[in-house]
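S.K.: Quick one: this structure, given as structure tokens, is what I'll be asking you about.
The values are calculated or read from the model by the stated rules, or taken from the named source; none is laboratory data. Small disclaimer: the values here were computed from a predicted structure and weren't measured. All Cβ positions, glycine included, derive from the backbone under ideal geometry; neighbour counts span all protein chains shown. Quick note on the areas: whole protein, heavy atoms, side chains included, nothing else; ligands and nucleic acids left out. Shrake-Rupley method; radii C 1.70, N 1.55, O 1.52, S 1.80 Å.
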Amino acid sequence: MNELAISAQGLTKQFKTRGGMVTAVENLSLRVTPGETYGLIGPDGAGKSTATRVILGLLTRTAGESSILGFDSMADSYEIRERVGYIAQQNVLPADLTVMENMRFFAGVQCVSAEAQKKRIPELLAFAGLSNFTNRLAGRLSGGMKKKLALACSLIHEPQVVMLDEPTLGVDPVSRREFWSLLGDLRAEKGLTIFVCTPYMDEAERCTQIGLLYGGKLIAAGTPTQIKGLLPGHLLEFTPAQFAAAQQRITGMEGVLELQTYGEKLHVFVDDVGARKAQIEMALAAEGIAHDDLREIEVRMEEAFISLVQQQTEKVGV
Amino acid sequence: MPKSLRRLAALIRKEVTQLLRDRRGLAYMLGLPLLQLFLYAYAVNTSVYHIPTAIVDQSRDRKSREFVQALVNSQYFNATLQLENGAEVMTAIDKGQVRAGVIIPPHFAADTDRGSATVLMMLDGSDSASVSSGYSAAALVAQSYASHLATEQVQRKGIRTSALAGASALPITTSTRVLYNPDMIDIWFLLPGLAGLILQTLAVQQAALIIVRERELGTIEQILITPTRPLELVLSKMIPLLALCLLTMGVVVGIGVFWFGVPFQGSFFLYFWLTLLFIASSLGLGLLFSNRARTQKQAQQQALLTMMFGLLLGGMIYPRSAMPAIPRFIGDLLPMTYFVRASRTIFTKGVGLRFVWTDMLALAIYTVVVVLLAARNFKKRLD
Ligand SMILES: Nc1ncnc2c1ncn2[C@@H]1O[C@H](COP(=O)(O)OP(=O)(O)OP(=O)(O)O)[C@@H](O)[C@H]1O
Ligand SMILES: [Mg+2]
């Protein structure tokens, strides 16, 4: 048996559309070891869902290889389906079944024995905080509760791997936090391998390994710290009064590696904080641009991601 | 219990819960067939004119000759043969020389004057159109000619004859229903076929939508990710619908028998099995459409086409014997064709398995083939 929980090599998926072939995932390679929480991070349309579905065998692949727990995504579909839990991006639990009926249904199709169901269903409902809603129709649950029900249903057969496609989409911040703490419990208690797709950078920080997906391609992979470490230099943040003018002035200045906009703020990557901070302040003063303090801040996943995407597009542009 | 059966049980329980929870869908499934039944019953007129008819005039008086003339004048009958007795008429019908026979017993004129005249009408039960038109026409003529023709005596006699002969032999009666709406009698002959058309339409349509709908909604994804096999999924969609369609069929036939007074001559047990096979094969066909279609619209169109073919080619209205080879072959591809023939035989002739087993076997084979095809065509993936 393969020691990898999930693996993909050179995975490519193209869709035939009226406008021709669309490449949704291109030459994707990734390795997820058991017990890891792997985050596939990327903006809308990056190909996260497509990659997940191809790995699960829900879509055919155009090229490459992929497997879960050593089972090939295409050839061993049923072995995979017995051992993996999945929450699709669109909430697709039968809305006209109650919470309990949903749990029973998924337990039934996964052939969970009656005794095991008696024990596990109440446990999972309590875990998901749904014990008081067993008779409510799934369609009448709040967004966060729907996702928790989906999680509970996907765990009913005690899978070794769960794959969650944007599990916090359309969920309020409090419920998002709750959901992630449930995932944390699962990893700690059961050693579950979790594969999660998300566009939220703050969620990426909670993963042990991440892959950044952009335009169907994996542009970086590693631990969150490693990814952030890929960035050159240090990060300065400030809010100028004349945004466009400040942006124009600073671009291309000596020692400025990269400039990102962040709402009303400017994020400036510099090679040396001490030297460049004074230099920028002087330049702005010369132009008569008022601004608040320039401060050095910790690089977050968000800045790292934007930076990596910019590098990528520059490479393609050249 | 094998895993496959456990999964099937879980899937069926889910389908049943969802079906029962969808009140509007249920009302539609039970209501639409009844609407169709009443519409067809009151609106369809399948009159056939100039039915070749054998005449047995045992009375040979002025009134009997007038009666025969009135039948011919009605345009519904052509007096093509003169015979001696009922047995000869039966033979002529069996040989296909005539489609109907009119037997006027001795002393017709005298009996008419006394108000107790009886005329026996024999009609070829295998040709619903002639039977229904002939019956209504004869009933009308009988009424206009001698409005107080006796009924009971004749009815008993008629039933005896039909049991004896195996071919439909129907009395001329002057029941109030005939008096107010002569064409209503069509339903007697239409019902066994009409039930087939209505149920095939319902079964194919419901089944055709059921899987492709989940595909369009996206709910199929969460089912596909379970270890459910295609055949299990197909059967789980089919079995609850089968129960529902059987119920609907029971209601349709029940209304036909108790409301429209259609006589049911055969064995209910046999009829149940015939119906079961027929509905199973229709559902299988619908599921095959559902698994091949990309959108609900496509599936709906295929279901509609099946209904049209069923109406025209299934033998309910137009006799299949008169069809050219290609339409007849298309008819052979419809479950309805087998059902209509067998249904009529059981309904009106009251004969046993011996006469309908070929059609039932055909439906059984049809069901197996089409369900396996549906499972094969089920897409295990999203693309
Ligand atoms: N069935 C399909 N047919 C054609 N193109 C498709 C299909 N599914 C996805 N695509 C295209 O593939 C690309 C990747 O889509 P995908 O849904 O995998 O992205 P995603 O990262 O999951 O985005 P989102 O955050 O919006 O869910 C998109 O450009 C999309 O339009
Ligand atoms: Mg997606």
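S.K.: Within chain A, which complete DSSP H helices have Cα atoms spanning at least 18 Å along the helix axis and a mean Kyte-Doolittle hydropathy of -0.5 or higher?
M.R.: A:114-127, A:273-287, A:301-317
S.K.: Something else: Quick one: of B:K237/B:K379; A:K119/A:K147; A:K148/A:K190; A:K146/B:K14; B:K14/B:K237; A:K277/A:K315, which pairs are farther than 20 Å apart, Cα to Cα?
M.R.: Beyond 20 Å: A:K119/A:K147; A:K277/A:K315.
S.K.: To continue, here is another question. Report the relative contact order of chain A, percent, no decimals, based on alpha-carbon pairs under 8 angstrom and at least 6 residues apart.
M.R.: Computed value for chain A: 19 percent relative contact order.
S.K.: Could you name the lysines in cross-link range of B:K349, using Cα to Cα under 27 Å and dropping any fewer than eight places away on the same chain?
M.R.: B:K95, B:K157
S.K.: Using a cut-off of 12 Å between beta-carbons, work out the net charge of the residues near B:Y366 (Lys and Arg +1, Asp and Glu -1, B:Y366 not included). Before the final figure, lay out each step's value.
M.R.: Numbers: positive: none; negative: B:D332, B:D359.
With Lys, Arg at +1 and Asp, Glu at -1, the net is -2.
S.K.: Keeping all protein chains in place, calculate the accessible area per residue for the protein assembly as shown (probe 1.4 angstrom), answer in Å². Show your work: numbers first, answer last.
M.R.: Numbers: 30890 Å² over 701 residues.
Counting only protein heavy atoms, the per-residue value for the protein assembly as shown is 44 Å².
S.K.: Out of segment A:1-93, which GluC sites (Glu not before Pro) are coil in DSSP terms and have no more than 14 other C-beta atoms within 10 Å?
M.R.: Within segment A:1-93, the qualifying GluC sites (Glu not before Pro) (loop, at most 14 other Cβ atoms within 10 Å) are A:E3.
S.K.: So what is the calculated 222 nm ellipticity per residue for chain A, using -39500 (n - 2.57) for each DSSP H run with n of 4 or more, over all residues, to the nearest 500 deg cm²/dmol?
M.R.: Computed ellipticity for chain A at 222 nm equals -11500 deg cm²/dmol.
S.K.: Which whole-angstrom value gives the distance between the alpha carbon centres of segment A:59-133 and segment A:183-197?
M.R.: Their Cα centres are 15 Å away from one another.
S.K.: Round to a whole angstrom and tell me the spacing of the C-alpha centers of segment B:63-93 and segment B:215-264.
M.R.: The two parts, judged by their Cα centres, are 48 Å apart.
S.K.: If you put +1 on each Lys and Arg Cβ and -1 on each Asp and Glu Cβ, how big is the dipole of the protein assembly as shown around its Cα centre, in Debye rounded to 20?
M.R.: Dipole about the Cα centre, nearest 20: 2460 debye.
S.K.: Moving to a separate point now. Reachable aspartates and glutamates from B:K297, Cα under 19 Å, same-chain residues fewer than 8 places away excluded?
M.R.: Within the straight-line limit of under 19 Å, B:K297 reaches these aspartates and glutamates: B:E214, B:E216, B:D383.
S.K.: What relative contact order, as a whole-number percentage, does segment A:118-183 give when Cα pairs under 8 Å and 6 or more residues apart are counted?
M.R.: 36
S.K.: Next question, about the same structure. Return the carbon/sulfur percentage of the accessible area of the protein assembly as shown, one whole number, probe 1.4 Å, all protein chains in place.
M.R.: Carbon and sulfur together cover 56 percent of it.
S.K.: Ballpark to the nearest 100 Å², how much total accessible area do A and B bury together, probe 1.4 Å? Please list the in-between numbers first.
M.R.: Values: alone 15330 and 18360 Å², together 30890 Å².
Buried area (both sides, nearest 100 Å²): 2800 Å².
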